[in-house]
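Report on the following structure.
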Amino acid sequence: MTPLLLAPLELLYGTVVRARNARFDRLSAQRLRWPVISVGNLSVGGAGKTPLVICLARLLAPERPDVLSRGYGRSGSAAERVAVQGSAERFGDEPLLIARSTGVPVYVGASRYQAGLLAESEAAFPGVHLLDDGFQHRQLARDLDIVVIHRSDLTQRLLPAGRLREPLSGLRRAGVIVLRREDAELESTLRAHVGSDCSFWIMQRSLALQSPVQRAVAFCAIARPDEFFGGLAAAGAGIVDRTRFRDHHRYTMADIERLAALGRHLRCDGFVTTAKDEVKLDPAMRYRLNEVAPLQIAELTVDLEDPAAALDRMRKSLIVTAR
């Protein structure tokens, strides 16, 4: 459907969002014993939250962080700790990736509060919770809201006509706005939508290949696949096919057989995917692709322009909470 036809639904959605936020502005949220730092965004997927959570978990290592996540698409709803050797079906692809990449405890649950209680019950010493994709999860109190902004957020419409989960006015709740280095000039525009004490961080994203590839079959199931394919080309990869699946798609052996047949037909010298996709491939799927050509992961990393200032800002929120 066109945005024009979806306009009435967009208006309805906006009314519901405003009413919901007004309700949470009046109510007291559930509070955990440890401080909570939320990382979220305004739009549906693709802003770079997961690599930023990984970056912040490493930066906060001296504070003993854990990560709380809903675990989008997981088979269960009860709170539990992510096992690094577990499956994406049980824990969700992003929580599993975070657990494997950082080594910090990651907890999933339909109730992030229950996940936090479980985390606190299992820890020997107090720490800090990183709330993954938490900006709209207002049932849980947080001490700092970090919001990742994608350039397209400034021109997008609300769901279902666009990708925004709430309007730019929601940024009044943010304590930190994170922009990509190439979007740094957006700070002046965004200042009109945030509070006077809001900080701006700049992050640099980089995509790296494990080994050169000239005839790659690239595939992914992420919100912004064109950015992934563009990053591969910028990293020097030669791509003979770009296969897109919907965001959070669960791979089947039939998908893998199609990719294997395509790779053989195109005489590819490698399959390339994202780390988020790789955690959803079981050993049989990896083996099948490797029979045709080596499977490798394009590693997406995020570095903050001023990590010391970022750590200081987060620690200040922890000190306020401790008081």
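Derivation of every value follows stated rules applied to the coordinates shown; laboratory data play no part. This one's a predicted model, so the numbers in the text were calculated from it and none came from an experiment. FYI the Cβ positions are ideal-geometry reconstructions off the backbone, even for glycines, and counts take in every protein chain you see.
Values for this structure:
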item: Mean residue ellipticity (222 nm) of the chain, computed from DSSP H runs ≥ 4 via -39,500 (n - 2.57), nearest 500; result: -11000 deg cm²/dmol
item: FRET efficiency for THR155 and ASP226, using Cβ-Cβ distance with R0 set to 22 Å, rounded to 0.05; result: 0.85
item: The range 217-268, Rg to Rh (Cα coordinates; Rh as Kirkwood inverse mean 1/r); result: 0.98
item: Reported label for calculated Kirkwood radius over Cα pairs in Å given (1) 21.3; (2) 19.9; (3) 20.8; result: (3)
item: Under-5 Å amide H pairs with ILE239, H placed in peptide plane, nonlocal only; result: ALA216
item: Net lengthening on full extension, LEU27/VAL84 (0.36 nm per residue, minus Cα-Cα); result: 16.9 nm
item: Chain lengthening between ALA235 and HIS265 when straightened (0.36 nm per residue, less Cα-Cα); result: 8.4 nm
item: DSSP-defined antiparallel bridges as percent of all bridges, the chain, nearest 5; result: 20
item: Sites GLU187 and SER75, calculated FRET efficiency, Cβ-Cβ separation with R0 41 Å, nearest 0.05; result: 0.50
